[in-house]
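Presented below is the structure to which this report refers.
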2 protein chains.
Amino acid sequence: MNALKEGWFSELSTMWPGECFSLKVKQVLHEEKSKFQDILVFDSENYGRVLVLDGVIQQTERDECAYQEMMAHIPLAALKTDPKKVCVIGGGDGGVVREILKHPSVEEVHLCEIDEGVVNASKKFLPHMNMSFESPKLKLHIYDGAVFLKEHKNCFDVVIVDSSDPVGPASSLFGPEFYKSCKEALNENGILCTQAESMWLHLDIIAGMKDFIVDIFPNVSYSTISIPTYPSGAIGFFICSKDESNDVKVAKRTEWFESAKDTLQYYNPGLHASSFVLPLFASRRLGLKQ
Amino acid sequence: MNALKEGWFSELSTMWPGECFSLKVKQVLHEEKSKFQDILVFDSENYGRVLVLDGVIQQTERDECAYQEMMAHIPLAALKTDPKKVCVIGGGDGGVVREILKHPSVEEVHLCEIDEGVVNASKKFLPHMNMSFESPKLKLHIYDGAVFLKEHKNCFDVVIVDSSDPVGPASSLFGPEFYKSCKEALNENGILCTQAESMWLHLDIIAGMKDFIVDIFPNVSYSTISIPTYPSGAIGFFICSKDESNDVKVAKRTEWFESAKDTLQYYNPGLHASSFVLPLFASRRLGLKQ
């Protein structure tokens, strides 16, 4: 934990060599070696409560709004019809589910998290996210997300893959096999949203993924957002629609936003659209329509 | 330099307590205590050459394109007419001037940098930026920017304030007196672009500045960009126009972009517009039209 200096958490990783973000620790609340990964929760001096998996910051109380809101509301607001049934793969902290439940049309959220340790740590230590677990709309599955999706066909309006990085328990969520399962689990006009790394650090990985995703989905876009405690201060999502004619960059049913906006910190329909506009170095490499 | 660990540069500051970004150092090239500040240039393992002033990263070779291109091209492309005379306050590394010179209509760039040490360090150690100093269009002034602007009235199409943070030699560039001088130095429809901190870290400072800037300029907007090696991975600009009717969010004369785009890595007209779309937490606080 104190790779750089006593009293600090330092996020060293081979995924971003030669750079390191550190947070000052106020108090360590939980340390566990689960069946799948190392789980750490601490109170930081300036970013509130922090969840760390295998040495990588997943969420801080101060900036998690950016990730959770954009990951949930971009695909949900991009749908032409009201979302009813949503699936989250990973996301055991409950943050994305919290956001999905802000859409009153949603009847069921299936959360499939492989590591019960993450769910339990959130229930105990992450009060800003764990209210999700009390919702009667939530169906919690402690199960392998790749297998879960194979067992569900044509049934979700939206699938959200809130995974950690491709090193560790989430590695199977970054290949073509998994994207095919996602497509099949979606209903006719369904939308997939996946965590897809940082354009600044992992453009090669992102471009490699794009190459196979465009063979699976007829409609693929890449969205990027600002989030201070992720490496490079940015993270992206692939937004893939089975409906070729749906312009996912446009937020639909804006009356939903008007009714929900007092509960939001980050997402808005303008940001929904602008998150798809990439810097030249990224749009050139990815070659996706902007 | 090695506040956290030997062999790393760590950016600790009271401006962002409790967090710290570190870069692995390959070789220190230059260390100097100038009349105004500590100047450090090093080769990093993964971000190329790095310029540091008073312990704060100013530019790295890998991501400086974001800052320099957006800081120069947003105000220049926002003008309704071709820019001819531009002034840069600070920016002694030459990066912003390099971008300004990509507009062939520009006849004169006045670079007013208080610290000759920065200019000399750039000339010697920052080859990706120092070509600016060879241009016959450049007029270099080693001088106090606040005084320089008071001595120039109604003469610039664009003034760009490429300053360090409000602690240190740039502190006078963050008050109303300075913004009044900027306004007077601009010609009738001129545009001011100033470095204006991170919405994630310094929203109070930004909101405080906005309060006095809207009393000085009739047309004020805030733009934010993604840049990994600045604290929080984001930095913003105030874009202030003397022309109330000019929608600065719209890039004009896009034929310029078409002719210049092969020399750009980051800026494009879509990103110009989308950089003004803020997350809810920031737009609520700043209360500026989006």
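Summary table
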read-out	value
Nearest beta-carbon to the A/B symmetry axis - residue in chain A, distance in Å	A:233, 1
Out-of-range pairs (alpha-carbon distance over 21 Å; input A:85/A:242; A:84/A:252; B:210/B:261; A:150/A:242; A:102/A:242)	B:210/B:261; A:102/A:242
Exam field: residue B:35 pseudo-label spacings to other copies (7 Å along Cα-Cβ), nanometres	6.9
Per residue solvent-accessible surface (Å²) - the stretch B:81-229, probe of 1.4 Å	35
Where N is the number of residues in the stretch A:1-124, Cα Rg divided by 2.2 N^0.38 Å	1.18
Which of A:156, A:205, A:114, positive extreme of dipole for the protein assembly as shown (C-beta unit charges)	A:156
Other copies of residue A:250: label-to-label distances in nm, shortest first, labels 7 Å along the beta-carbon direction	2.0
Choice from A:81, A:229, A:194 with maximal GNM fluctuation in chain A (Cα, 10 Å cutoff)	A:81
Teacher prompt: residue A:116 distances to equivalent labels in other copies, 7 Å Cα→Cβ, nm	7.2
Sites residue B:80 and residue A:30, calculated FRET efficiency, Cβ-Cβ separation with R0 60 Å, nearest 0.05	0.55
Spacing of the two label points (7 Å from each Cα toward its C-beta) at residue A:215 and residue A:189, in nm	2.9
Qualifying GluC sites (Glu not before Pro) in the stretch B:131-212, DSSP loop, other Cβ atoms within 10 Å at most 15	B:151
Equivalent ellipsoid semi-axes, the stretch A:65-106, via Cα gyration tensor eigenvalues times 5, rooted, Å	16, 11, 9
Net charge dipole size for the protein assembly as shown [Lys, Arg +1 and Asp, Glu -1 on Cβ; Debye, nearest 20]	900
Cα pair distances of the stretch A:153-290 binned at 5 Å [whole percent]	2, 9, 18, 23, 22, 15, 8, 2, 0
Distant-in-sequence amide H partners of residue A:58 (H built 1.01 Å from N, under 5 Å)	A:51, A:52, A:53
Convex hull projection area averaged over all views, the stretch A:89-223, Cα basis, nm²	8.4
Cα→Cβ-extended label distance, 7 Å offset, between residue A:244 and residue A:131, nm	4.3
Partners for residue A:139 among aspartates and glutamates (Cα-Cα distance below 18 Å; same-chain residues under 8 apart left out)	A:93, A:99, A:107, A:108, A:113, A:115, A:116, A:151, A:157, A:162
Accessible surface buried once B binds A (1.4 Å probe; total of both sides; Å²)	3400
Contact order normalised by residue count of chain B, Cα under 8 Å, 6+ apart, percent	16
Shape call, the stretch B:124-172: gyration tensor on alpha carbons, a/c limit 1.5	oblate
The stretch B:234-290: C-alpha pair distances exceeding 14 Å, %	63
On Cα atoms only, tilt of B:203-216 relative to the major axis of chain B in degrees	30
Rg(Cα)/(2.2 N^0.38 Å) for the stretch A:4-60, N = residue count	1.08
The protein assembly as shown: translational diffusion in µm²/s, Stokes-Einstein, Kirkwood Rh over Cα pairs, 37 °C, 0.692 mPa s	133
Antiparallel bridge percentage (DSSP; both residues within the protein assembly as shown; nearest 5)	65
For residue A:161, distant residues with modelled amide H under 5 Å away	A:89, A:193, A:194, A:195
Chain B: translational diffusion in µm²/s, Stokes-Einstein, Kirkwood Rh over Cα pairs, 20 °C, 1.002 mPa s	113
Bridge type composition, chain B - antiparallel percent by DSSP, nearest 5	60
Label-point gap, in nm, between residue B:116 and residue A:261 - each point 7 angstrom along Cα→Cβ	5.4
Sum of side-chain charges, residue A:125 neighbourhood, beta-carbon under 12 Å (Lys, Arg +1; Asp, Glu -1)	-2
Reciprocal of mean inverse Cα separation for the stretch A:166-210 (Kirkwood radius, Å)	11.7
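The values are calculated or read from the model by the stated rules, or taken from the named source; none is laboratory data. Keep in mind the model is a prediction, meaning the values are calculated, not measured. Every residue, glycine as well, gets a Cβ built from its backbone with ideal geometry; the counts of neighbours run over all protein chains shown. Accessible surface areas use protein heavy atoms only, side chains included; no ligands, DNA or RNA. Shrake-Rupley method; radii C 1.70, N 1.55, O 1.52, S 1.80 Å.
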